[in-house]
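Report on the following structure.
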Number of protein chains: 2
Amino acid sequence: MNTTSPVDCKSWPQLQHHAESWREARLKDLFANDVARSIQFVAEGAGLRYDYSRQLMGAITLRLLANLATERGLPEWRDALLSGEPINSSEKRAAWHTALRAGKDSPPEVLQTLDRMKGLVSRIRSEKKFKRVVNLGTGGSDLGPRLLADALGDSTLDVRFAASVDPHDLGRALEGAEPQSTLFIVVSKTFTTQETMANAAAARRWGAKAFYAVASNVEEAKKFGASEILPMWDWVGGRFSVWSAVGLAAACAIGFEKFEQFLAGGRELDLHFASAGIEKNLPALMALIGVWNTSFLGRATHAVLPYSNALRLLPAYLQQLEMESNGKRVDRAGNEVTYSTGPVLWGAEGTPSQHSFHQLLHQGTGVVPCDFIDIASNDVLSANLRAQADALAFGSEDGQYPGSRPSSIVFLEKLDARNLGRLLALYEHKVFVQGIIWNLNSFDQPGVELGKVLAKKILSGGK
Amino acid sequence: MNTTSPVDCKSWPQLQHHAESWREARLKDLFANDVARSIQFVAEGAGLRYDYSRQLMGAITLRLLANLATERGLPEWRDALLSGEPINSSEKRAAWHTALRAGKDSPPEVLQTLDRMKGLVSRIRSEKKFKRVVNLGTGGSDLGPRLLADALGDSTLDVRFAASVDPHDLGRALEGAEPQSTLFIVVSKTFTTQETMANAAAARRWGAKAFYAVASNVEEAKKFGASEILPMWDWVGGRFSVWSAVGLAAACAIGFEKFEQFLAGGRELDLHFASAGIEKNLPALMALIGVWNTSFLGRATHAVLPYSNALRLLPAYLQQLEMESNGKRVDRAGNEVTYSTGPVLWGAEGTPSQHSFHQLLHQGTGVVPCDFIDIASNDVLSANLRAQADALAFGSEDGQYPGSRPSSIVFLEKLDARNLGRLLALYEHKVFVQGIIWNLNSFDQPGVELGKVLAKKILSGGK
């Protein structure tokens with residue numbers, strides 16, 4: 001498969017040249033000159049709608065970007081991803097998170113694990129033995145289940161999360177809890193993660209008796225005394241693992257039925273991704289537009305603005321997904337890249353964001369491409385979202401608002417487990433496609449090791 | 001006072017030229033060649049320590065930046081700020097938030113209001129009439145008190161916040177609450193803010209009886225039926241108002257004694273800011289280093305990484321403070337600027353951030369200057385923080401980590417109300433100084449109006 005540099009593709013210099021003609025383009029004019037724009041630059045798939053008409057691009061841009069994707073071998077890479085080939089080349093592993101949500105097509109160990117989860121979750125939620133469930137994990141063992149529980153949790157159980165080595169974090173998670181009615185789920189692939197094991201030890205000191213583990217190091221989990229041990233597989237990366245047993249705390253919070261709908265939503269997006277042509281393929285479009293903004297128009301950041309209180313943790317989730325995957329400067333061939341890769345992803349829940357940093361979005365000296373997430377079921381939120389997107393795009397007559405600031409809108413009909421599954425899978429595949437374009441391995445994280453080594457050295461008095 | 005363009009200052013082109021010599025500089029070499037660097041590039045004041053030795057700069061840089069501050073008239077502007085002159089020129093108002101924390105030097109109406117707050121807070125916390133206090137406000141009427149309550153709240157009262165027009169937000173704040181034991185504090189200068197008034201109306205429909213108001217529109221607050229109305233003054237901007245009656249919910253959460261310590265900490269920083277020379281002045285240094293990174297070295301973003309679970313909301317607070325203040329492209333004279341102003345501020349709590357986006361900080365193609373916030377009282381957190389700062393600065397021998405990625409460390413001896421007051425005042429004055437350098441009015445927010453107008457139009461079926 002193609003692991004050459006993207007700058008050697010025919011379409012790369014074409015896009016560089018093409019970008020020149022977009023430096024002074026005005027979105028207002030583009031809409032005025034093309035009445036079909038707001039229909040033409042919209043794609044639908046897997047129940048989601050993606051409106052990219054407010055991006056600084058035209059039909060030729062799209063064609064060139066699609067050419068780039070083809071030249072980069074996207075179809076072949078996509079097939080390799082979806083069939084579980086070891087595309088995580090540095091670690092010689094697959095990145096087969098799609099197998100976690102493939103329904104009856106999932107591998108037997110996935111189906112068995114889902115079955116065990118179902119049994120555990122329905123017992124935990126129906127028996128009243130546990131009033132509190134506390135997830136001890138960090139990074140990929142924290143952000144996904146935390147997002148799901150926060151977005152869709154009901155009042156059956158009080159499910160909380162502790163991710164930091166700061167004892168204050170666990171302290172909050174234990175507020176008002178009693179050891180005999182609290183279940184801890186310790187989530188760590190190696191069962192050696194500093195934060196997680198420190199919190200697990202502190203929980204034991206607090207008097208906790210009930211521990212489940214989600215781990216691949218079964219030995220250590222047994223030694224720790226976990227009464228249930230669910231598997232983690234080396235073919236699932238941490239930041240893609242919410243669909244696995246890592247989602248156990250989330251399933252406790254939302255119920256297993258909703259967790260299955262979440263998986264089903266992800267699966268629908270996978271099927272769309274697997275089959276749709278590039279110019280109609282939501283994650284591919286999203287990825288290519290991101291590459292356009294980052295590598296050709298020079299935008300350093302990307303904002304995600306969910307207009308939904310339930311999705312307030314989405315930006316934090318996506319920060320890991322995108323920046324840990326594509327925040328890299330060395331390509332698959334080991335060479336330093338000569339183009340900009342993953343931008344800084346940031347954002348917050350709207351409407352509160354409007355009263356915080358939108359000033360800069362509208363009138364700052366830098367341009368920040370935005371993804372607005374629109375839940376169609378709330379008129380006031382949708383109107384506010386639309387107003388922001390329009391103000392960014394079209395500005396004001398008096399020039400106080402410059403306009404021509406690009407954004408896309410992702411529409412969800414309503415906020416439920418299925419749509420959340422679709423949405424997260426959308427961003428997962430977007431990240432994958434960008435990695436293919438930029439010639440990055442999106443599935444390792446070599447940049448986090450040095451800090452761990454140095455911290456140990458400092459703690460042992462080494463310096 | 002100086003409202004000319006900074007590019008007309010003698011030191012501006014000097015700094016531009018000087019920046020060229022820093023493009024290839026390596027922090028490793030700087031430390032190797034100057035054993036005093038880690039002592040020399042540290043400043044102390046108001047009980048805080050600021051270590052900027054890991055910034056890409058030298059003694060000459062500092063001198064040129066200090067010259068720029070002098071040329072920009074920083075001392076005169078600082079005096080104007082602190083004496084309450086109408087430096088918010090577009091709105092013809094003072095930005096006199098320092099008068100809110102001036103102790104016996106505060107204006108009589110401030111002292112009276114603090115007295116009323118003290119009475120209300122001690123009554124609310126000692127009587128057991130209210131179990132829940134819910135703050136209804138958004139932007140500056142939300143982020144500050146939310147941060148304080150989250151960082152320092154005790155278990156006396158359950159204090160919550162709703163800021164969005166999404167009903168789900170208020171729903172969360174009311175979980176488990178009863179109307180007869182819930183006090184609502186409605187915080188809105190005009191008492192017309194869309195989100196806040198929608199939530200206040202919903203609270204009333206829910207059966208709420210007890211409403212306090214913090215407002216300058218006393219008429220509307222009375223009409224609404226608030227039983228206590230505390231003032232907001234037009235000489236305090238929303239994002240600088242946590243020190244005022246806007247902090248009432250926070251004071252309920254942390255107790256009035258701690259709220260007074262918070263004010264006292266802010267005051268200490270004000271006195272330091274008022275008297276220290278530019279090269280020893282913490283907020284001035286922080287501001288100038290930010291200008292150096294943004295306007296001369298071309299960095300588009302700035303990360304704030306508090307290694308403290310108690311400070312997990314600090315980045316969200318600072319996003320408003322910095323980006324609403326200096327996310328502007330038109331200067332005080334009404335001219336479009338030709339240099340980069342306020343960067344995108346983002347960040348999250350460490351250590352969890354290490355397992356999320358630090359990959360990009362270490363190995364991304366863009367460079368992100370960071371502020372690490374170190375609470376000296378926790379060794380493990382401090383060691384992790386130091387390890388990250390060192391890995392960013394010095395990289396690795398094998399070149400996998402490029403190094404020379406700048407950061408500063410702000411040290412707090414412990415996390416308490418006084419230090420939090422110092423820290424927030426530090427960033428406030430940093431923002432002010434940057435506004436002076438960039439010739440911006442940091443105290444208005446013209447960029448938020450158009451969205452409001454368009455949202456109304458869309459809701460009324462206008463388009």
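Which residue is farthest from residue B:308 (Cα to Cα), if the candidates are limited to segment B:404-419 and must be open to solvent by 10 Å² or more (accessible area, probe 1.4 Å) and not aliphatic (A, V, I, L, M)? Across segment B:404-419, the extreme among qualifying residues is B:404. Scanning segment A:371-381 for residues that are farther than 24 Å from residue A:319 by Cα and within 8 Å of chain B (Cβ to nearest Cβ) turns up A:378, A:379, A:380.
Among the residues of segment B:429-438, are any open to solvent by 20 Å² or more (accessible area, probe 1.4 Å) and either within 14 Å of chain A (Cβ to nearest Cβ) or over 24 Å from residue A:366 (Cβ atoms) (or both)? No. Please determine whether any residue of segment A:87-97 is touching a residue at least 60 places away in the same chain (Cβ under 8 Å), part of a strand (DSSP E or B) and within 14 Å of chain B (Cβ to nearest Cβ). Checked segment A:87-97: no residue is touching a residue at least 60 places away in the same chain (Cβ under 8 Å), part of a strand (DSSP E or B) and within 14 Å of chain B (Cβ to nearest Cβ).
Within segment A:69-86, can you find the residues that are part of a helix (DSSP H, G or I), under 22 Å from residue A:11 (Cα atoms) and open to solvent by less than 40 Å² (accessible area, probe 1.4 Å)?
Passing the criteria: A:69, A:74, A:77, A:78.
Looking at (1) of a type outside the set (A, V, I, L, M); (2) assigned to a helix (DSSP H, G or I); (3) free of Cβ contacts under 8 Å to residues at least 12 places away in the same chain, find the lone condition where residue B:461 falls short. (2) is the only condition that residue B:461 fails. Whether any residue in segment B:265-288 is away from chain A (no Cβ under 14 Å), of a type in the set (S, T, N, Q) and either closer than 30 Å to residue B:112 by Cα or open to solvent by 10 Å² or more (accessible area, probe 1.4 Å) (or both) is what I want to check. The answer is yes, given that some residue of segment B:265-288 is away from chain A (no Cβ under 14 Å), of a type in the set (S, T, N, Q) and either closer than 30 Å to residue B:112 by Cα or open to solvent by 10 Å² or more (accessible area, probe 1.4 Å) (or both). Of all residues in segment B:122-164, those that are modelled with pLDDT under 95 and surrounded by 21 or more Cβ atoms within 10 Å (Cβ to Cβ) total 0. Of B:101, B:23, which residue is modelled with pLDDT under 95 and basic (Lys, Arg)? The conditions single out B:23. On inspection, residue B:450 qualifies as modelled with pLDDT under 95 and open to solvent by 10 Å² or more (accessible area, probe 1.4 Å). Screening segment B:46-55 for residues that are open to solvent by less than 10 Å² (accessible area, probe 1.4 Å) and in contact (Cβ under 8 Å) with a residue 40 or more places away in the chain and picking the one that is nearest to residue B:367 (Cα to Cα) gives B:55.
For segment A:343-361, a residue qualifies if it is more than 7 Å from chain B (Cβ to nearest Cβ) and either over 26 Å from residue A:5 (Cα atoms) or out of contact with any helix residue (DSSP H, G or I) (no Cβ under 8 Å at 6 or more places or on another chain) (or both), and the qualifying residues are A:347, A:350, A:353, A:361. Restricting attention to segment A:349-392 and to residues that are over 20 Å from residue A:52 (Cα atoms) and aliphatic (A, V, I, L, M), the residue that is most open to solvent (accessible area, probe 1.4 Å) turns out to be A:380. For segment A:402-421, state whether one or more residues are within 8 Å of chain B (Cβ to nearest Cβ), under 30 Å from residue B:335 (Cα atoms) and without any contact (Cβ under 8 Å) to a residue 60 or more places away in the chain. Looking through segment A:402-421, at least one residue is within 8 Å of chain B (Cβ to nearest Cβ), under 30 Å from residue B:335 (Cα atoms) and without any contact (Cβ under 8 Å) to a residue 60 or more places away in the chain. Taken as a whole, the structure places residue A:141 among residues that are in contact (Cβ under 8 Å) with a residue 12 or more places away in the chain, more than 8 Å from every other protein chain (Cβ to nearest Cβ) and of a type in the set (Ser, Thr, Tyr). Across segment B:302-323, the number of residues qualifying as open to solvent by 10 Å² or more (accessible area, probe 1.4 Å) and out of contact with any Leu (no Cβ under 7 Å at 6 or more places or on another chain) comes to 1. Only residues that are farther than 18 Å from residue B:213 by Cβ and more than 9 Å from chain A (Cβ to nearest Cβ) were counted in segment B:147-166, giving 11. Number of residues in segment A:290-342 that are without any contact (Cβ under 8 Å) to a residue 24 or more places away in the chain and more than 8 Å from every other protein chain (Cβ to nearest Cβ) equals 2. Residue B:422 passes every criterion in (1) surrounded by fewer than 22 Cβ atoms within 10 Å (Cβ to Cβ); (2) charged (D, E, K, R); (3) within 16 Å of the chain's Cα centre (by Cα) apart from (1).
Among the residues in segment A:163-181, are any small (Gly, Ala, Ser), closer than 25 Å to residue A:231 by Cβ and in contact with a Ser or Thr (Cβ under 8 Å, 6 or more places away or on another chain)? Yes, segment A:163-181 contains a residue that is small (Gly, Ala, Ser), closer than 25 Å to residue A:231 by Cβ and in contact with a Ser or Thr (Cβ under 8 Å, 6 or more places away or on another chain).
The values are calculated or read from the model by the stated rules, or taken from the named source; none is laboratory data. Everything quoted here is computed from the prediction, not taken from an experiment. Positions of Cβ are generated from backbone atoms using ideal geometry, with glycine treated the same way; all protein chains shown enter the neighbour counts. Ligands, DNA and RNA are stripped out before the accessible areas are found, and what is left, the full protein with its side chains, is counted by its heavy atoms. Shrake-Rupley method; radii C 1.70, N 1.55, O 1.52, S 1.80 Å.
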